[in-house]
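Each remark here refers to the structure printed beneath this line.
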Amino acid sequence: MSALHDLPAVGLDELNAAAALLTRVDRKYVVPAADLDALLAGIPGLRALEVEDRRWSRYESTYLDTVALDSWTGAAHARRRRWKVRTRTYADTGECWLEVKTRGRRGATVKERLPHDGTDVAGAASDWVSERLAAAHVFHVEPRGLVPTLHTAYVRSTLLLPDGAGRATVDRDLRWVSGHGTAEVADVLVVETKSASMAPGPLDRRLRELGHRPVRISKYGTGLALLTPGLPGNRWHRVTSRHLADHLTLDAGVLA
């Protein structure tokens, strides 16, 4: 992955000023790790986020859902008013946020976040989650009743795309943990482009040149489907059976 370290650097403040994109159009790809150098080398003007000499950072997320898995079900059936609530920890710094993700106009992803410690949603945090969900026309969700259902960990590099085309993330070493076991993916990258435009950007075009097409993959939806006995794969069956199957390690408890 030497091409990543050969890219010009961009700092966090400049990246956020150029492409914060809390409301954006997302496209996701599953790419063999061996393709990363060819992918990055083909885009003039691409820059890599560098924080304290690091170009890869460790992320951890805990997803919160109802006991009936209403958030997962909404994503599995592509419901218009689907939502996610999670905590996001930047493991290298310890910084933690509570995040709400909903769907905006024309299917754009809207992400809002609040500094937060732990996974309990109570007090002011509960009110904030209720307000954010109500603003997206998601009602009848009681934030105080949300419970941790899935933990994810991965290593991420963030890219600033040229000419105001947005940003992208490259995730590797993806690991899921639930009460039913663990799953890990090796030698595969999840690449996500994030743009304010519906039109494909330069990284999307380069991925197409290399033979890659957008796929349906959700860290929460895919991970929970993999680890929960009896839970259908639904819209993620293709990516798990075609793109991830040869790279997955599931613990003995799940295989049983």
Legend entry - Matching residues, region 135-154, being open to solvent by less than 40 Å² (accessible area, probe 1.4 Å) and either touching a helix residue (DSSP H, G or I) at 6+ places or on another chain (Cβ under 7 Å) or without any contact (Cβ under 8 Å) to a residue 24 or more places away in the chain (or both): 141, 143, 149, 150, 152
Inset, instruction - Please work out if residue 227 is surrounded by fewer than 20 Cβ atoms within 10 Å (Cβ to Cβ) and either among the hydroxyl-bearing types (Ser, Thr, Tyr) or modelled with pLDDT under 95 (or both). - result: no
Inset, instruction - Return yes or no: is residue 75 among the small types (Gly, Ala, Ser) and either modelled with pLDDT under 95 or within 27 Å of residue 117 (Cβ to Cβ) (or both)? - result: yes
Legend entry - Residue ID - farthest from residue 32 (Cα to Cα), chosen from residues in region 182-233 that are among the hydroxyl-bearing types (Ser, Thr, Tyr) and in contact (Cβ under 8 Å) with a residue 60 or more places away in the chain: 197
Legend entry - Check on residue 177, more than 21 Å from residue 75 (Cα to Cα), within 18 Å of the chain's Cα centre (by Cα) and of a type outside the set (Ser, Thr, Tyr): no
Legend entry - Test result for residue 122, out of contact with any Ser or Thr (no Cβ under 7 Å at 6 or more places or on another chain), within 16 Å of residue 219 (Cβ to Cβ) and surrounded by fewer than 18 Cβ atoms within 10 Å (Cβ to Cβ): no
Legend entry - region 22-56, residues that are of a type outside the set (S, T, N, Q) and more than 16 Å from residue 170 (Cβ to Cβ): 22, 24, 25, 44, 45, 52, 53
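The values are calculated or read from the model by the stated rules, or taken from the named source; none is laboratory data. Everything quoted here is computed from the prediction, not taken from an experiment. Because the Cβ atoms are built from the backbone with ideal geometry, glycine has one as well, and the counts that use them run over all protein chains shown. Note: accessible area is taken over every heavy atom of the protein model, side chains too, but ligands, DNA and RNA are not part of it. Shrake-Rupley method; radii C 1.70, N 1.55, O 1.52, S 1.80 Å.
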